[in-house]
Every structure is written in C-alpha cells, then in structure tokens.
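First up is the structure itself, then whatever we jot down about it.
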Amino acid sequence: MKTVSPTAARANIYKLIDEAAESHEPMCITGKLGNAISLTEEEWLAGSERHARVDPGRSGYAAR
C-alpha cells in the first residue's frame, strides 16, 4: 500500500486519484492523530456491499 503525507496528498491529489483508479490499490494518508485510507469509489462500494451482506444493519452506506 502506498503511503503519503497529507502535504503530498494535497499537492498531488489529481495524480493520486488517477493512480488509484489505475491500480485499484488503497493508499494510506498519514496524520499526526491517525491515518486515513483512500480508496476508489468502486473499491469502497464493493467493500460496502460485502459488509452489508454480512451485517445489513451496519453497512453505513446509504444508496444514492
């Protein structure tokens, strides 16, 4: 998994979005208080759907 700082993510956000779309790999954005994981929408939706099948009451995803 690629790891970037918030400063690098901010400076290269469009490039990082394109890289995520091409690679389908999550990215870790490191922070002082914790880290965040960036996923493509496709990967996030797939994970949400898998989670909803396991526990429909806790998916956290509201359909558009």
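The values are calculated or read from the model by the stated rules, or taken from the named source; none is laboratory data. On a predicted model such as this, the values are computed, not experimentally measured, just so you know. No Cβ is skipped: glycine too gets one built from the backbone with ideal geometry, and neighbour counts run over all protein chains shown.
Restricting the search to segment 12-62, which residues are at pLDDT 90 or above, of a type in the set (Gly, Ala, Ser) and surrounded by 12 or more Cβ atoms within 10 Å (Cβ to Cβ)?
Result: Ala20, Ala21, Ser38.
Restricting to segment 1-49, count the residues that are in a strand (DSSP E or B) and of a type outside the set (A, V, I, L, M).
4
Starting from segment 24-42, take each residue that is farther than 15 Å from Ile13 by Cα and list its partners that are hydroxyl-bearing (Ser, Thr, Tyr), counting only C-beta distances under 7 angstrom and pairs at least six apart or across chains.
From segment 24-42, the pairs are His24/Thr40.
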